[in-house]
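Below: one structure, written as structure tokens.
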Amino acid sequence: MQLKRRDFVKNGTGAFAIAAAGRAIGDGAPSNRVRVAIMGCHEKGRGKQLLNIFTSYADVATVCDVDSRARDFAADFVHNHPKQGGIVPKKEKDIRKVLEDKSIDAIVIATPDHWHAPAANMAMKAGKAVYVEKPCSYCPREGEILVKTQKETGMVFQMGIQRRSTVEFQAAIKDIEAGCIGRPYWAKCWYMCGRGAVHRKPAQVPDWLDWDLWQGPAPRREFHEDIVHYGWHWWKHWGTGECGNNATHFVDIGRWALGADYPERITCGGGLFGDKGDFEWFDVQNITYEFPGRRMMTWEGVSITSIKPYMDWVTGCILYGTKGAVVFGPGSQCFQLSAAGITREERKKGITGKVVKEWSRKSMLESSGQLSFTNPTGDLDKGHMGNFIDAVRAHNPNTVAPADVAHKSTLLTHLGNIALRTGETIRMDATTGQLAKGSPGADMWSREYEKGWEMA
């Protein structure tokens with residue numbers, strides 16, 4: 001039986017039922033199983049985490065990586081997984097070969113950033129559902145193309161902004177929309193961590209790596225140290241910096257909570273302040289987004305310290321409203337604060353707000369009578385992957401993070417980077433998501449591609 005999300009809403013189970021469908025995959029009839037290919041499956045990267053989830057919920061029919069060691073690791077992992085029934089997945093290094101396989105239902109993309117949008121675009125045009133890690137694009141134009149392609153093909157698309165699938169955040173957003181903190185006006189987001197240096201030291205291409213295919217859509221460059229498999233984040237030719245890497249998660253939550261789409265004005269201060277060798281992206285950023293309707297959002301990113309400035313959390317978001325605030329934590333922590341009822345003695349002690357409500361899994365379980373949740377173990381990935389796989393089974397493109405949602409939130413990170421790179425205020429038409437006439441940034445809206453790899 002094919003289940004659709006609107007059916008869940010009608011029968012009153014909402015987000016809870018999505019999980020049941022997600023968990024059932026892998027245990028049902030063969031005709032109801034989803035066959036996925038995972039692109040980017042290195043043992044020490046994000047690919048391994050995705051392998052661990054998707055092997056529980058679907059048949060991993062193909063593993064694809066330009067690193068021969070990663071292909072071997074992933075194939076062994078799948079073959080030995082207790083829920084895969086001894087499957088021996090195909091091993092491919094070229095995603096274009098994978099897309100020729102008509103038996104594949106979905107492509108999971110966990111590659112460097114410069115590959116995200118081109119691979120997703122090719123996959124949808126080949127009739128495959130797409131799960132892509134954040135950010136969904138390397139530049140704004142790529143996101144626009146993904147929105148257009150999903151609309152034209154009707155394919156299922158989901159970006160890895162997992163907090164969209166947490167029942168706590170979903171419930172909090174509904175209460176915010178109902179006015180629990182009055183009119184929301186400022187979403188304050190942050191991410192703090194310590195990053196090491198990278199160096200552009202010449203090196204030989206390892207024999208296990210297809211360097212040409214690793215570069216794929218990006219114009220060719222000489223190989224050097226600190227690119228493969230994680231250092232690429234900090235080189236502008238392939239990565240999008242800490243902003244693209246980690247701002248995406250909580251500027252998405254902030255935008256969602258504010259009920260905002262596109263900003264009107266973007267400014268950014270910061271730069272490269274630490275001693276990081278040849279590190280190209282910024283290690284300090286403070287971005288301000290101004291939206292129509294007296295709403296704003298800020299994102300503070302620091303990549304040179306592990307000191308946690310707010311709530312003792314590495315990352316999060318505080319949404320301020322005219323009657324209180326809501327705090328969103330790095331996992332699924334979520335609670336409402338109010339300044340009402342604070343005594344003079346409490347204020348002397350520095351207490352300026354009290355927790356008046358907590359959106360907790362346990363309390364929602366007890367009040368709903370449900371026996372399970374979308375995300376019963378507290379693992380953010382599980383509910384999000386369950387939502388995606390359920391949508392693939394139902395041929396329902398209305399995931400919690402389709403291309404339109406993914407692009408609007410990813411675009412904010414690109415705009416922050418563009419503002420700091422240009423040193424200018426970026427102005428936008430908030431109704432279209434395009435740069436306002438005469439605004440700086442037009443030359444960074446798209447990128448140059450290696451010949452034959454152009455996106456359209």
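The values are calculated or read from the model by the stated rules, or taken from the named source; none is laboratory data. Keep in mind that this is a model prediction, so the values were computed, not measured. Glycine gets a Cβ as well: all are built from the backbone with ideal geometry, and neighbour counts include every protein chain shown.
Quick check on the stretch 375-386: of everything there that is of a type outside the set (Val, Ile, Thr) and either over 15 Å from the mean Cα position of the chain (by Cα) or not in a helix (DSSP H, G or I) (or both), which residue is nearest to Thr149 (Cα to Cα)? Among those that are of a type outside the set (Val, Ile, Thr) and either over 15 Å from the mean Cα position of the chain (by Cα) or not in a helix (DSSP H, G or I) (or both), it is Gly386. Looking across the stretch 312-332 at every residue that is among the polar types (S, T, N, Q) and either without any contact (Cβ under 8 Å) to a residue 12 or more places away in the chain or over 21 Å from Val302 (Cβ atoms) (or both), the one that is surrounded by the most Cβ atoms within 10 Å (Cβ to Cβ) is identified as Ser332.
Just wondering, is there one or more residues in the stretch 235-252 that are over 19 Å from the mean Cα position of the chain (by Cα), closer than 21 Å to Val326 by Cβ, crowded, with 17+ Cβ neighbours inside 10 Å and among the polar types (S, T, N, Q)? Taking every residue of the stretch 235-252 in turn, none turns out to be over 19 Å from the mean Cα position of the chain (by Cα), closer than 21 Å to Val326 by Cβ, crowded, with 17+ Cβ neighbours inside 10 Å and among the polar types (S, T, N, Q). On the stretch given as the stretch 320-367, residues that are in contact with a Lys or Arg (Cβ under 8 Å, 6 or more places away or on another chain) and either among the β-branched types (Val, Ile, Thr) or within 27 Å of Asp381 (Cα to Cα) (or both) total 6.
Right, Ile109: within 30 Å of Ala456 (Cβ to Cβ), touching a Cys at 6+ places or on another chain (Cβ under 7 Å) and buried (at least 18 other Cβ atoms within 10 Å of the Cβ) or not? Steps first, please.
Working: within 30 Å of Ala456 (Cβ to Cβ): yes; touching a Cys at 6+ places or on another chain (Cβ under 7 Å): no; buried (at least 18 other Cβ atoms within 10 Å of the Cβ): yes.
Judged against the criteria, Ile109 is not a match.
The set of residues in the stretch 333-356 being surrounded by 13 or more Cβ atoms within 10 Å (Cβ to Cβ), touching a Leu at 6+ places or on another chain (Cβ under 9 Å) and of a type outside the set (Gly, Ala, Ser) consists of Lys354, Val356.
Looking at Asp207, Asp226, which is the one that is surrounded by 15 or more Cβ atoms within 10 Å (Cβ to Cβ), in a loop (DSSP other than H, G, I, E, B) and either of a type in the set (Gly, Ala, Ser) or free of Cβ contacts under 8 Å to residues at least 60 places away in the same chain (or both)?
Going through Asp207, Asp226 in turn, just one is surrounded by 15 or more Cβ atoms within 10 Å (Cβ to Cβ), in a loop (DSSP other than H, G, I, E, B) and either of a type in the set (Gly, Ala, Ser) or free of Cβ contacts under 8 Å to residues at least 60 places away in the same chain (or both): Asp226.
Applying the set (1) farther than 22 Å from Leu258 by Cβ; (2) surrounded by 24 or more Cβ atoms within 10 Å (Cβ to Cβ) to Arg163 leaves exactly one unmet item: (1).
A search for C-beta distances below 9 Å between a residue of the stretch 272-295 that is over 20 Å from Met192 (Cβ atoms) and touching a residue at least 12 places away in the same chain (Cβ under 8 Å) and any residue that is of a type in the set (Ser, Thr, Tyr) and not in a strand (DSSP E or B), counting only pairs 6+ apart in sequence or on different chains, returns Phe291/Tyr262; Pro292/Tyr262; Pro292/Thr431.
Would a scan of the stretch 291-308 turn up a residue that is more than 29 Å from Tyr449 (Cβ to Cβ) and crowded, with 24+ Cβ neighbours inside 10 Å? Within the stretch 291-308, one or more residues are more than 29 Å from Tyr449 (Cβ to Cβ) and crowded, with 24+ Cβ neighbours inside 10 Å. Tallying residues that are under 23 Å from Gln170 (Cα atoms), within 20 Å of the chain's Cα centre (by Cα), hydrophobic (A, V, I, L, M, F, W, C) and in a helix (DSSP H, G or I) within the stretch 387-446 yields 9.
Comparison of Ala21, Ala58 shows that the only residue that is surrounded by 20 or more Cβ atoms within 10 Å (Cβ to Cβ) and modelled with pLDDT under 50 is Ala21. Taking the criterion of being closer than 23 Å to Ile389 by Cβ, in contact (Cβ under 8 Å) with a residue 60 or more places away in the chain and not hydroxyl-bearing (Ser, Thr, Tyr), the residues of the stretch 54-92 that qualify are Phe54, Ala58. For the stretch 43-64, indicate whether the set of residues that are over 19 Å from Thr399 (Cβ atoms) and of a type in the set (Asp, Glu) is non-empty. Yes: the stretch 43-64 contains one or more residues that are over 19 Å from Thr399 (Cβ atoms) and of a type in the set (Asp, Glu). The set of residues in the stretch 170-195 being surrounded by 13 or more Cβ atoms within 10 Å (Cβ to Cβ) and within 25 Å of Ala110 (Cα to Cα) consists of Cys189, Trp190, Tyr191, Met192, Cys193, Arg195.
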